[in-house]
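S.K.: My questions all concern the structure below.
What follows draws every value from the coordinates through simple rules; no lab data is involved. The model shown is predicted, which means the values in this text are computed figures rather than measured ones. Note: ideal-geometry Cβ built from the backbone for every residue, glycine included; neighbour counts use all protein chains shown.
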Amino acid sequence: GAVVSQHPSWVICKSGTSVKIECRSLDFQATTMFWYRQFPKQSLMLMATSNEGSKATYEQGVEKDKFLINHASLTLSTLTVTSAHPEDSSFYICSARPGTGPYEQYFGPGTRLTVT
Amino acid sequence: TQLLEQSPQFLSIQEGENLTVYCNSSSVFSSLQWYRQEPGEGPVLLVTVVTGGEVKKLKRLTFQFGDARKDSSLHITAAQPGDTGLYLCAGARSGGFKTIFGAGTRLFVKA
């Protein structure tokens, strides 16, 4: 149980285009989903927290107009990187938290974004 | 400010050796999780500890939550190459909403 999927697993896009990443909880309902960014050999950097049906809460320094997050249902959240630049290239990971349990998060497999 | 300090940051050992990774804080956590992440993949939850002094075992891995719920340790017995990866501790504070992650311990076990 507690499986989270991400799609796509990797994507290459041109500078100036937008890319959408999907995060789905497959066997549980996620009241909260999180989006992280991870640079090589570093820990996770929280970008934003999203709750179903409400606006996402962004961490300081993360541009909400550039990283659009939509949490339309209890099993789906999307992250759209708008007007992508090469510096947006990174490993993006989502996680989902079930409605119950001591704050455990279950992570997706990640999406490697490369902007050329 | 890094609220969860992990040590060591990097560890390279031979197969069969034992090791301990520490996760320390001055804050009290209502629960603490340990994750393992392999390159190019998302972190995988290993264990959650909730009660002060709690000890949990997962095969060769032993997890302990400090009595005051401010720190935790992960001990691996007879490490194997398959244990190689990034180990992350993460804590949720009482009344808090976000999970705080440590910087991680990168473990490399040589055959």
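S.K.: For region A:13-28, in order, what is each residue's ³J(HN,Hα) by Karplus, 6.51 cos²θ - 1.76 cosθ + 1.60 with θ = phi - 60°, in whole Hz (x at glycine and Pro)?
M.R.: Working through the residues one at a time gives 9, 8, 4, x, 8, 10, 10, 10, 10, 9, 10, 10, 8, 8, 10, 7 Hz.
S.K.: Pick out, from B:10, B:72, B:85, the residue whose Cα sits farthest towards the positive end of the charge dipole of region B:1-85, with +1 on the Cβ of Lys and Arg and -1 on the Cβ of Asp and Glu.
M.R.: B:72
S.K.: May I pose another question? Work out the length of the dipole vector of the protein assembly as shown about its Cα centre, built from +1 on the beta-carbon of each Lys and Arg and -1 on the beta-carbon of each Asp and Glu, and round it to the nearest 20 debye. Could you put the intermediate results ahead of the total?
M.R.: Details: 21 positive and 18 negative charges, 14 e Å.
Here the protein assembly as shown has a charge dipole of around 60 debye.
S.K.: Pop the C-beta distance of residue A:76 and residue A:13 into the FRET formula with R0 = 25 Å and round what comes out to the nearest 0.05.
M.R.: On the way: r = 21 Å, r/R0 = 0.86.
The computed FRET efficiency comes out at 0.70.
S.K.: Then there's this: Each label point is 7 Å from the Cα along the Cα-to-Cβ direction; what then is the distance between the points at residue B:15 and residue A:42, in nm?
M.R.: With each label point 7 Å from Cα toward Cβ, the separation is 3.4 nm.
S.K.: If you count, for every residue in A:106-113, the Cβ atoms of partner chains within 10 Å of its Cβ, what is the mean? Show your work: numbers first, answer last.
M.R.: Values: counts 5, 7, 3, 5, 5, 1, 1, 0.
Shielding by partners across A:106-113 averages 3.
S.K.: In nm, to one decimal, how far is the modelled label at residue B:56 from the one at residue A:29, with both set 7 Å along Cα→Cβ?
M.R.: 2.5 nm
S.K.: May I pose another question? Would you order A:5, A:83 from fewest to most other beta-carbon atoms within 10 Å of each residue's own beta-carbon? Walk me through the intermediate numbers first.
M.R.: On the way: A:5 15, A:83 12.
Ordered by Cβ neighbours within 10 Å, fewest first: A:83, A:5.
S.K.: Same structure again: Would you mind checking which residues have amide H under 5 Å from residue A:31's amide H? H placed 1.01 Å from N; only 5 or more apart, or other chain.
M.R.: Placed amide hydrogens put A:97, A:99 under 5 Å from residue A:31.
S.K.: Taking amide H positions as placed 1.01 Å from N in the peptide plane, with prolines and chain starts having none, which residues 5 or more places from residue B:3, or on another chain, fall under 5 Å of its amide H?
M.R.: Excluding prolines and chain starts, which carry no amide H, there are no hits.
S.K.: Pull out the extension gain between residue A:64 and residue A:5, defined as 0.36 nm times the separation in residues minus the alpha carbon to alpha carbon distance; nm, one decimal.
M.R.: Working: separation 59, 0.36 × 59 = 21.24 nm, distance 2.32 nm.
Answer, rounded to one decimal: 18.9 nm.
S.K.: Can you tell me, using C-alpha contacts under 8 Å and at least 6 residues apart, the relative contact order of region B:19-101 as a whole percent? It would help to have the intermediate numbers written out before the result.
M.R.: Values: 172 pairs, mean separation 29.9, N = 83.
Averaging sequence separation for qualifying contacts and normalising by length gives 36 percent for region B:19-101.
S.K.: Assuming R0 = 22 Å, can you tell me the calculated FRET efficiency for the pair residue B:22 and residue A:114, based on Cβ-Cβ distance, to the nearest 0.05? Before the final figure, lay out the partial values.
M.R.: On the way: r = 36 Å, r/R0 = 1.61.
Given R0 = 22 Å and the Cβ-Cβ separation, E is 0.05.
S.K.: Let me ask another. Under a plain spin-label model, where a point goes 7 Å from the Cα along Cα-to-Cβ, how far apart in nm are residue A:52 and residue B:68?
M.R.: Spacing of the two 7 Å Cα→Cβ label points: 4.0 nm.
S.K.: At a 4.7 angstrom Cβ threshold, list every cysteine in chain A that has nobody to pair with, or say none.
M.R.: Cysteines lacking a close Cβ partner in chain A: A:13.
S.K.: Normalise the Debye intensity by I(0) for region B:55-111, one equal point scatterer per Cα, no solvent, then take log10 at q = 0.20 Å⁻¹ and round to two decimals.
M.R.: Debye curve over Cα of region B:55-111, log10 I(q)/I(0) at q = 0.20 Å⁻¹: -0.86.
S.K.: Inside 10 Å of the C-beta atoms of A:87-97, what's the mean count of C-beta atoms belonging to other chains? Numbers along the way, then the final one.
M.R.: On the way: counts 0, 0, 0, 0, 4, 0, 4, 1, 6, 0, 3.
Partner Cβ neighbours, averaged per residue: 2.
S.K.: Please report the Cα spread of chain B along all three principal axes, rounded to whole Å, starting with the longest.
M.R.: Sorted largest first, the three principal extents are 44, 28, 20 Å.
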